[in-house]
1. I'd like to verify a number: residues in segment 80-92 that are assigned to a strand (DSSP E or B) and at pLDDT 95 or above, how many?
2. Among the residues of segment 14-45, which ones are touching a Leu at 6+ places or on another chain (Cβ under 8 Å) and of a type in the set (Gly, Ala, Ser)?
3. Looking at this structure, is Thr232 buried (at least 17 other Cβ atoms within 10 Å of the Cβ), touching a strand residue (DSSP E or B) at 6+ places or on another chain (Cβ under 7 Å) and modelled with pLDDT of 95 or more?
4. If we scan segment 42-51, do we find a residue that is surrounded by fewer than 22 Cβ atoms within 10 Å (Cβ to Cβ), in a loop (DSSP other than H, G, I, E, B) and touching a Phe, Trp or Tyr at 6+ places or on another chain (Cβ under 9 Å)?
5. Filtering segment 162-186 down to residues that are acidic (Asp, Glu) and either surrounded by 14 or more Cβ atoms within 10 Å (Cβ to Cβ) or at pLDDT below 95 (or both), which residue is nearest to Lys221 (Cα to Cα)?
6. Could you check segment 99-140 and list, in sequence order, the residues that are part of a strand (DSSP E or B) and among the aliphatic types (A, V, I, L, M)?
7. Consider Tyr143 carefully, then state whether it is part of a loop (DSSP other than H, G, I, E, B) and touching a residue at least 40 places away in the same chain (Cβ under 8 Å).
8. When you go through Ala77, Ala25, Ala35, Ala104 one by one, which is the residue that is of a type in the set (A, V, I, L, M, F, W, C), surrounded by fewer than 18 Cβ atoms within 10 Å (Cβ to Cβ), farther than 16 Å from Tyr139 by Cβ and without any contact (Cβ under 8 Å) to a residue 40 or more places away in the chain?
Amino acid sequence: MPLVAAFACPHTPQLLVRPPTEDRALVLRVHAALAEVKRRLTAARPDVIALIAGDHIEGFFLNAVPALAVHVGARAAGEFGRYRYAFDVHEPLARAIVEQSIEAGFDPAYTQDVPLDYAFYVPLHFAMPSPPVPIVPLYVNVYLPPQPTPRRCHAWGRALRAIVDARPERVALVASGGLSHFPGTERYGAPDFDFDRALLASLAEGRGAETARLTGEELDKAGNVELRTWITLLGALGEARAEVLAYEPSWHHGNAVVAWPV
């Protein structure tokens, strides 16, 4: 079954729990863009959402830090602040991704019980279609060195597309993360919005494959380590031209909501 929808969404915590430091009007504009994602996801009628996100050192740390991982348990649950959440996992697709990724030359880890990071929850909180559908959490290590190279992320995205296209389910792919921000550093108040805007312009022209040529150093310098999740999605999308539904640069974060025709 062909891919039926593809999006990239931010997971900025301030979108969910807005402190006084945040511009309310800006946050509401991002909410509106995420509501449009929900509308389109509902219209696409996916059987499952495969969500590509990172882990903020909450599920994977001293126990293990896989470059790539898949949640294959029946349920994926977590908590963030006052929010407690749990989602059904589409186990057949999850297990197929693990097995066929290995056949394709990748070595993803798998888990049945790692807590679901808020990087997954925030987009789902705003954009889960109605009625809700199962998910497959796909992890890309974006924070703890050594991280997978952009080239490797893009290649896994191509493999994911081949796996999805051979399946009977209607699948939506969503990347969670970014854009530019520098959490926990002295650059927190100075995101690289120029990098973000140039990136979005290139994606609108269908030049997503160029992101595979970026280096880890370039991503780190621009505050775009989470772009690895987008690059994985872009590997699955080929030369599709992006539609930027919103780009809202806050004082600390470039919030981007993007859709691709599939």
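The values are calculated or read from the model by the stated rules, or taken from the named source; none is laboratory data. From a predicted model like this one, the values you see are computed outputs, not experimental measurements. Because the Cβ atoms are built from the backbone with ideal geometry, glycine has one as well, and the counts that use them run over all protein chains shown.
1. As a first pass, look at segment 80-92 and keep what is assigned to a strand (DSSP E or B): 80, 83-89.
Pick out the ones that are also at pLDDT 95 or above and you get 83-89.
Qualifying residue count, segment 80-92: 7.
2. Ala33
3. Numbers: buried (at least 17 other Cβ atoms within 10 Å of the Cβ): yes; touching a strand residue (DSSP E or B) at 6+ places or on another chain (Cβ under 7 Å): yes; modelled with pLDDT of 95 or more: yes.
For Thr232, the condition - buried (at least 17 other Cβ atoms within 10 Å of the Cβ), touching a strand residue (DSSP E or B) at 6+ places or on another chain (Cβ under 7 Å) and modelled with pLDDT of 95 or more - is met.
4. no
5. In the first step, residues of segment 162-186 are kept if they are acidic (Asp, Glu); the result is 165, 169, 186.
With either surrounded by 14 or more Cβ atoms within 10 Å (Cβ to Cβ) or at pLDDT below 95 (or both) added as a condition, the list becomes 169, 186.
Working: Glu169: 39, Glu186: 13 Å.
Checked segment 162-186; the qualifying residue nearest to Lys221 (Cα to Cα) is Glu186.
6. Going residue by residue through segment 99-140, those that are part of a strand (DSSP E or B) are 109-111, 135-140.
Matches in segment 99-140: Ala109, Ile135, Val136, Leu138, Val140.
7. Criteria met by Tyr143.
8. Working: Ala77 fails: farther than 16 Å from Tyr139 by Cβ; Ala35 fails: without any contact (Cβ under 8 Å) to a residue 40 or more places away in the chain; Ala104 fails: without any contact (Cβ under 8 Å) to a residue 40 or more places away in the chain.
Checking each option against the conditions leaves just Ala25.
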